[in-house]
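Peer 1: After the C-alpha cells below, expect a handful of questions from me.
What follows is calculated from the coordinates using simple rules that are stated; it is not laboratory data. Given the structure is predicted, the values throughout are model-derived calculations rather than measurements. Here the Cβ is made from the backbone with ideal geometry for all residues, glycine too, and neighbour counts use every protein chain on show.
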Amino acid sequence: MSEPSARPESDDLATFIAGLPKAEIHVHHVGSASPRIVAELAARHPGTVPSDLDALREFYRFRDFAHFVEVYLAVVDLIREPEDVRLLTFEVAREMAAQNVRYAELTLTPYTSVLAGVPIEAFVDAVEDARVAAERDLGITLRWVYDIPGEFGLPAAEATVGYALEHAPDSLIGFGLGGPEIGVDRPQFRDVFARARAAGLRSVPHAGETTGPQTIWDALEHLGAERIGHGTSAVQDPRLVEHLVEHQIPLEVCPTSNIATRAVASLEEHPIRQMHDAGVFVTINSDDPPMFGTTLTREYEIAAGLLDLDEAGVADLATNTVRASFLPDDGKAELAGEISGYLAAWQERER
C-alpha cells in the first residue's frame, strides 16, 4: 500500500485542523473500531482476527479492494452480542469526539449483525443507548445511515429496508449501499431505495469508487442519490462533472481509503484536485479510519496539502461537510457558525 504523504504547509495549520470543529458524513461503524477495540473483541471471540496489536496492523495491509472486503467482514464477525455493538458504538463516538467532531452520520450495516446472531431489536437498543450516552458524555451528535452490504445482494437489501421501515429509531436518517461495486449493479436496488426514500430516508449510496462513472450515473438515476460515496471516477466523464457541479451533488471524498484499497495508485494521482478545481462539491471524510491508519483530522491535513489550502480554505472545506449533511437548517447554522467563530478567533490570534 502506498503511504499517504501530503502534509499541511506548517505546524500552525496542523494545529488549526486539530482544533477545528468538524462534521463527518462518510464513516462506517465497524470500520471505525480502533485496534484497541478490535483486539478486545478478538480476544472475546477468538478466530480469524488477531488480538495482538502488531499482528492486527499486518492484518490490515490490503492487497486490493476485494481483500479489504474480506478483512472487513472478518472484523464484522466479531460483533456477535448486543454488548459488542454498544461497546463499539460508544468507543467510535469517543474517538471522533477527541478530534472535535461535533456531528457524524455513521453508517451501520444491521444485516451483518443480525446474521451474526444479534436480533434487530437488540441491535437498535445497543446503538441508541450508545448514541444517547455519547451525546450526554462526549458532546457529539450521531445520526444513522443503514447500509446494504452489496456483496449479499437483494436478500440483504430487502432485509435492510425492512429493518429501516419496521425497526427504525428516529435517529435513522439515511439509506446507503456499500461493499464491492464490481458485479453489484446499482439499478437492481431501485425498488428498495424507492421504498426507503418514500419513508423519508435520504439516499447516499457508494458509487464510482472501484468502477467507472456509469456507476455514479446509475446511483443518481436509479437510486435517487443525494450524495455520492467516494465518486472517485467522476472526473473521467466531463458530462458527469458538469452535472455534479450544476446540481451541487456532494461527493464524500476519502483520500487515504482510496489509496489503501488501491482504488487510486497514490495521493499524487488522487482526483480531488480536479474535482475541487472544477467546482465539484467536495467533502472530506475518513471512511474506515483505523483500518486505513488515518483519522478525520489526518484527512483534512492531506486535503490541505493536496489543495494548497490555508486555514480559511480548510474552514470552507469543513463547512462544505456541514452543508452536505442532513442536519436541520438550525443545526447546520449552529455548527457552521462554530467553524467560522473558530476561524475568526484563530485569525485574530495570528495578527
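Peer 1: Which numbered condition in (1) of a type in the set (Val, Ile, Thr); (2) part of a helix (DSSP H, G or I); (3) under 20 Å from the mean Cα position of the chain (by Cα); (4) surrounded by fewer than 24 Cβ atoms within 10 Å (Cβ to Cβ) is the only one that Ile249 fails?
Peer 2: Answer for Ile249: the failing condition is (2).
Peer 1: Between residues in the stretch 180-198 that are over 27 Å from Phe65 (Cβ atoms) and residues that are assigned to a loop (DSSP other than H, G, I, E, B), which pairs lie under 6 Å by C-beta distance while being six or more apart or on different chains?
Peer 2: If the second residue must be assigned to a loop (DSSP other than H, G, I, E, B), the pairs left are Arg197/Gly224.
Peer 1: For the stretch 291-351, which helices (runs of 4 or more DSSP H) that fit wholly inside it have 3 or more residues that are closer than 25 Å to Val92 by Cα and polar (S, T, N, Q)?
Peer 2: Filter on the stretch 291-351 gives 311-324.
Peer 1: Out of the residues in the stretch 185-201 that are hydrophobic (A, V, I, L, M, F, W, C) and under 20 Å from the mean Cα position of the chain (by Cα), state the one that is farthest from Trp144 (Cα to Cα).
Peer 2: Phe193
Peer 1: Would you say Thr160 is surrounded by 18 or more Cβ atoms within 10 Å (Cβ to Cβ) and assigned to a loop (DSSP other than H, G, I, E, B)?
Peer 2: So Thr160 does not fit the description; no.
Peer 1: For Arg262, all conditions in the list (1) under 25 Å from Val75 (Cβ atoms); (2) crowded, with 20+ Cβ neighbours inside 10 Å hold save one; what is the number of the exception?
Peer 2: (2)
Peer 1: Could you please find all residues in the stretch 99-144 being more than 17 Å from the chain's Cα centre (by Cα) and assigned to a loop (DSSP other than H, G, I, E, B)?
Peer 2: Across the stretch 99-144, the qualifying residues are Ala116, Gly117, Val118, Pro119, Gly139.
Peer 1: Given the options Asp218, Asp237, Asp288, name the one that is among the acidic types (Asp, Glu), more than 28 Å from Leu165 (Cβ to Cβ), out of contact with any Leu (no Cβ under 6 Å at 6 or more places or on another chain) and in contact (Cβ under 8 Å) with a residue 24 or more places away in the chain.
Peer 2: Asp237
Peer 1: Just one of Ala33, Ala42 is closer than 20 Å to Arg143 by Cβ and touching a residue at least 24 places away in the same chain (Cβ under 8 Å); which is it?
Peer 2: The match here is Ala33.
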